[in-house]
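Notes to accompany the following structure.
The values are calculated or read from the model by the stated rules, or taken from the named source; none is laboratory data. In this text the structure is predicted, and so the values were computed from the model without any measurement. Glycine also receives a Cβ, built like all others from the backbone with ideal geometry; neighbour counts cover every protein chain displayed. Surface areas here come from the heavy atoms of the whole protein model, side chains and all, with no ligands, DNA or RNA. Shrake-Rupley method; radii C 1.70, N 1.55, O 1.52, S 1.80 Å.
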Number of protein chains: 2
Amino acid sequence: MSLANLPAALADFRTAIGAANVFSSEEDRTAYADHYSPDETRHMPGAAVAPATVEQVQEIVRIANRHKVPLWQISRGKNFGYGGAAPVVKGSVVLDLTRMKRIEVDPEGGTALVESGVGFFDLYDHLQQNKLPFWLSVPGNSWGSVAGNALDRGVGYTPYGDHAAQICGLEVVLPTGELVRTGMGAMTGSKTWQLYRNGYGPGWDQMFCQSNFGVVTKLGLWLMPEPEAVLGYDLEFDGIDDLGWVVDTIAPLRREGVIRQAPSIGNWLRSASVMTTREQWTKTKGALGEDVVTAIRKRFNIGWWSVQLRTYGHVEMADAAAKVIARAFDGKPVLSMKPTRWLRSDGKPEGSPFSGVPISFPLANANWHGGRGGHVGYSPVLPAKGDLAMDQFRRTYALYEKYGMDYHASFAFGERSLTNVNQLLFDRDDPDMMGRVDAMFRELVADAKAKHYGEYRTHIEYMDLVASTYDHGGGALRKLNERVKDTLDPNGILAPGKSGIWPAASRGERA
Amino acid sequence: MSLANLPAALADFRTAIGAANVFSSEEDRTAYADHYSPDETRHMPGAAVAPATVEQVQEIVRIANRHKVPLWQISRGKNFGYGGAAPVVKGSVVLDLTRMKRIEVDPEGGTALVESGVGFFDLYDHLQQNKLPFWLSVPGNSWGSVAGNALDRGVGYTPYGDHAAQICGLEVVLPTGELVRTGMGAMTGSKTWQLYRNGYGPGWDQMFCQSNFGVVTKLGLWLMPEPEAVLGYDLEFDGIDDLGWVVDTIAPLRREGVIRQAPSIGNWLRSASVMTTREQWTKTKGALGEDVVTAIRKRFNIGWWSVQLRTYGHVEMADAAAKVIARAFDGKPVLSMKPTRWLRSDGKPEGSPFSGVPISFPLANANWHGGRGGHVGYSPVLPAKGDLAMDQFRRTYALYEKYGMDYHASFAFGERSLTNVNQLLFDRDDPDMMGRVDAMFRELVADAKAKHYGEYRTHIEYMDLVASTYDHGGGALRKLNERVKDTLDPNGILAPGKSGIWPAASRGERA
């Protein structure tokens, strides 16, 4: 594999999909860089190509094989905090699927089949325009791709918020150019491709998540039937130590299915960073003093921690679940507990991410420090237990203080797990701060590893680092992945290094 | 690969795991044959080996590679209707994991980690003896293995009834002998192996379902927290045509999550075949007359179709869901609709498969014809729509009549699909009947294929036939599976032919 072959490959790409869809100027390359990263140059793409059809994707893959040029597939490239559109291997050609925008919705089954360039706003508009009674689940940054987000295991706010779990059938271009449909789609003209997940024989859908085994061109997704009601509570908690009992109160409700969406307990800065900027409160660098924190909390009337809980469904069902939640918090020291109530029969749209309306305001947290903001995500997965959450908080908080960073984190519930989503907010115009981020991140990963917790997802810069923590049997799972990688991608052209999986041709580049 | 190497392999197996755990007499081989099949000789094993530890499994796999002898892994071998313990390739050595019986339950997370030999009765006893407040989901024949049933995508009666979907982390011996842990288990000492499904990078758990990519030695499984209440209705319907509206009544309730278990609409014979035998009603061969059907239904007070619906959870939540169900059936022509109500606070065990109590009475249906009974399963997956279900019923019923067989079927709901589970009940002592089964099965598969429906699971005799219906892109998915198979199993020793996946060494044996 060689980047020296790029010019010849670009010529073939232009012939295949038209020069207007091949981007190789310095301006183009910068447009596909990771604008949230401390150093954009480390993962600068060599070029980008934007096919419009599955056949063009196949042709691009074949050309890449001929010239042994690495590709990096993106859906819409909005994976902020994890690398944006940029590749692991500098100089790779970004395979940008943004132009592939076809949508099919099955209004009886309640499913969608979307091409990879379809964004959350596109799908939302499609449902609205066609008056289809289904709700999306959207991530905090809804600029991205429905398919891309699900394949990277993004999360949302509704009972369909585990996006990878909603996948039902894929169409994939393999690294050697063959086209495969997974699940029931493996039957020509299948009537159940988006309706039944398992298919016959091994289940492949989850194998294309966070992987470099193929380019997903179409993704089947289950949609939530619009409910009669969305009820629940917005809760604020005053004390740092409240985290423990709050986790222990919510965990059984989540495990028992009383709460079916994924609540996320966030700290004050998660709330505040989208409403204000740091310089409005202090000019002092380094970790914030408690006086500043208290002033900000008072101004916006927010707890040290907050969480929103929602129940969905027929009115009496959502009501019953909300009552069980209220009982669970009865007599406990909440700062505030505000009921929320939306009924379809009232005729007004719910209008929040809890009904899958696309949003982008959480991106505002990149402005917290002023300057050119950015962040990197650190997200270890723990058991859903209060004492472990508190311990995780204390250790991590100490590392934020050690490195002089502002603590921005949440604890997001899976059905039996808790993902501690940290966003290390930084100012890319502050060289001193930027010099601390890498060491801090590495110490955080080592801290999680010492507790036997793994990250669920990570930034392109740290994919090898995180992969190295999955070390059972001498890295047996990584070796399995690389055996499959070598079979499916003998020239190693597709996304080398993604999730720490390197093809034979470039295995020496592992960090 | 050659069966001529069997004697030398057996000698090595005896050295590795002790002669007492290697079974090669004719009596032994017959014990591992498929006792429900029309012709046991077609898939007669060559021998069986029963290791007790993971290390012994690895050693057996290495010996099989040395001698190029095919293995066929079974958990407990109770896969009746789909091949029992018998292999696709006659003469294969059955790798029987029955002796591997370790159970670990995480009482806080509500999960189990079971070795493959753990049966439903074993796990049930473990929960009872340790007073752990979790319920299983069991299949109609609970003699089998918890892991084996999940890996073959078996189903049960509770909200955890999609058994493959409850898998969370596996330990697997690869065909070349390496040991791999999937998901979070890929980290040494992981605290979240059974708590978080996705892991980091490609998701492998479902790849070991219905596949021959590895021998699963441990399986993580989510358990249902014991609910406060199980409520619902037992419904009977008088007319054949009721199937259509019943499907259309239940389908939205299932899709919206009002009903979270998987209801199954069964015909009168599903109910009757476990309570009586055919000869008590008629001596006439061939399809049953309506007079006989009517007499049986009258005697047992059952509808032409019946279904049981259940809601689970906190009392007010289960009650609310039951009310929505009652409203959906309000004014519709049910024959009977009997409410059921179990409350934990009453202090009595629920005691039915709806609370995951292991059962074996459905196996009694093999006695329907008298003689040595058996059956073969035919189970295409359709969209959950009444008109399609009725059409499926009519076409299939006509084929039962054409072949002079008694119609025994159900329509089991997935969240968005309907699996038409047929059991072709037969009398293995009736050569005339046995002569019709194969032709009938093949016509059924062709009939489903013509409607673009695929089987979700099939008998070892028909794995190639069913695989051939998954023909998109010239069988692209099968080719992908076989590329992976060749990489993971270069000598082709593990379960050649399973789910229609053949290793290079024996690809010519495809039917």
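Within the bounds of the range B:486-500, is there any residue that is under 20 Å from the mean Cα position of the chain (by Cα) and either closer than 23 Å to B:P383 by Cα or modelled with pLDDT under 95 (or both)? Checking the range B:486-500: at least one residue is under 20 Å from the mean Cα position of the chain (by Cα) and either closer than 23 Å to B:P383 by Cα or modelled with pLDDT under 95 (or both).
Filter the range A:95-110 down to the residues that are in contact with a Pro (Cβ under 9 Å, 6 or more places away or on another chain) and among the hydrophobic types (A, V, I, L, M, F, W, C) and list them by number. Residues satisfying the conditions are A:L95, A:L97, A:M100. Apart from one condition, A:M434 fits all of (1) under 18 Å from the mean Cα position of the chain (by Cα); (2) in contact (Cβ under 8 Å) with a residue 40 or more places away in the chain; the exception is (1). Taken as a whole, the condition of being without any contact (Cβ under 8 Å) to a residue 40 or more places away in the chain and either surrounded by 21 or more Cβ atoms within 10 Å (Cβ to Cβ) or not acidic (D, E) (or both) applies to A:L123.
Is it the case, given these coordinates, that B:L219 is touching a Lys or Arg at 6+ places or on another chain (Cβ under 6 Å), not β-branched (V, I, T) and not assigned by TED's automatic domain parsing to the domain that holds B:K348?
Details: touching a Lys or Arg at 6+ places or on another chain (Cβ under 6 Å): no; not β-branched (V, I, T): yes; not assigned by TED's automatic domain parsing to the domain that holds B:K348: yes.
For B:L219, the condition - touching a Lys or Arg at 6+ places or on another chain (Cβ under 6 Å), not β-branched (V, I, T) and not assigned by TED's automatic domain parsing to the domain that holds B:K348 - is not met.
Applying the condition of being in contact (Cβ under 8 Å) with a residue 12 or more places away in the chain and over 20 Å from the mean Cα position of the chain (by Cα) to the range A:344-366 and asking which residue is surrounded by the fewest Cβ atoms within 10 Å (Cβ to Cβ) yields A:S345.
Look at B:R42 and say whether it is among the basic types (K, R), touching a Pro at 6+ places or on another chain (Cβ under 6 Å) and in the same structural domain as B:K68 (by TED's automatic domain parsing). When the stated conditions are applied, B:R42 does not pass them. Do you know which residues across the range B:470-511 are open to solvent by less than 10 Å² (accessible area, probe 1.4 Å), β-branched (V, I, T) and within 9 Å of chain A (Cβ to nearest Cβ)? Within the range B:470-511, B:V484, B:I501 meet the criteria. Quick one: is A:M405 of a type in the set (A, V, I, L, M, F, W, C), touching a residue at least 12 places away in the same chain (Cβ under 8 Å), out of contact with any His (no Cβ under 9 Å at 6 or more places or on another chain) and not in a helix (DSSP H, G or I)? Considered against the rule, which asks whether it is of a type in the set (A, V, I, L, M, F, W, C), touching a residue at least 12 places away in the same chain (Cβ under 8 Å), out of contact with any His (no Cβ under 9 Å at 6 or more places or on another chain) and not in a helix (DSSP H, G or I), A:M405 comes out as yes. Listed conditions (1) on the phi > 0 side of the Ramachandran plot; (2) more than 9 Å from every other protein chain (Cβ to nearest Cβ) are all met by A:E236, apart from (1).
Apart from one condition, B:H375 fits all of (1) within 14 Å of chain A (Cβ to nearest Cβ); (2) in contact (Cβ under 8 Å) with a residue 60 or more places away in the chain; the exception is (1).
The criterion of at least 1 residues that are touching a Gly at 6+ places or on another chain (Cβ under 7 Å) is met by the following strands (runs of 3 or more DSSP E) wholly inside the range A:249-348: A:305-313, A:336-343.
Within the range A:222-263, the residues that satisfy the criterion of being open to solvent by 20 Å² or more (accessible area, probe 1.4 Å) and aliphatic (A, V, I, L, M) are A:I240, A:A262. One residue stands out in the range A:448-468 among those that are more than 20 Å from the chain's Cα centre (by Cα) and closer than 21 Å to A:G414 by Cβ: the one that is surrounded by the fewest Cβ atoms within 10 Å (Cβ to Cβ), namely A:K451. Counting the residues of the range A:128-148 that are outside any loop (DSSP other than H, G, I, E, B) and free of Cβ contacts under 8 Å to residues at least 60 places away in the same chain gives 2. In the set (1) within 14 Å of chain A (Cβ to nearest Cβ); (2) β-branched (V, I, T); (3) open to solvent by less than 20 Å² (accessible area, probe 1.4 Å), B:T188 fails one condition alone, (3).
Mind checking whether some residue in the range A:95-104 is surrounded by fewer than 23 Cβ atoms within 10 Å (Cβ to Cβ), assigned to a loop (DSSP other than H, G, I, E, B) and modelled with pLDDT under 95? For the range A:95-104, residues surrounded by fewer than 23 Cβ atoms within 10 Å (Cβ to Cβ), assigned to a loop (DSSP other than H, G, I, E, B) and modelled with pLDDT under 95: absent.
The C-beta contact set for the range A:283-300 (first residue farther than 18 Å from A:L335 by Cα, second residue open to solvent by 90 Å² or more (accessible area, probe 1.4 Å), distance under 7 angstrom, 6+ apart or interchain) comprises A:A287/A:E401. Does A:V215 satisfy the condition of being under 29 Å from B:D471 (Cβ atoms) and within 25 Å of the chain's Cα centre (by Cα)? Judged against the criteria, A:V215 is a match. Here A:T311 qualifies as assigned by TED's automatic domain parsing to the domain that holds A:S345, out of contact with any Phe, Trp or Tyr (no Cβ under 9 Å at 6 or more places or on another chain), modelled with pLDDT of 95 or more and buried (at least 19 other Cβ atoms within 10 Å of the Cβ). Inside the range B:155-204, residues that are free of Cβ contacts under 8 Å to residues at least 60 places away in the same chain and under 15 Å from the mean Cα position of the chain (by Cα) make up a count of 5. Residues in the range B:371-399 that are in a loop (DSSP other than H, G, I, E, B), open to solvent by 20 Å² or more (accessible area, probe 1.4 Å) and either touching a Gly at 6+ places or on another chain (Cβ under 8 Å) or small (G, A, S) (or both): B:G371 alone. B:G177 - would you say it is surrounded by fewer than 24 Cβ atoms within 10 Å (Cβ to Cβ) and either away from every other protein chain (no Cβ under 14 Å) or of a type in the set (G, A, S) (or both)? So B:G177 fits the description; yes. How about the range A:408-435: which of its residues are part of a helix (DSSP H, G or I) and at pLDDT 95 or above? Those that are part of a helix (DSSP H, G or I) and at pLDDT 95 or above: none in the range A:408-435. In the range B:346-384, what residues are small (G, A, S) and touching a helix residue (DSSP H, G or I) at 6+ places or on another chain (Cβ under 8 Å)? Passing the criteria: B:G356, B:G370, B:G373, B:G374, B:A384. Among all residues of the range A:275-295, there is none that is in contact with an Asp or Glu (Cβ under 7 Å, 6 or more places away or on another chain) and modelled with pLDDT of 95 or more.
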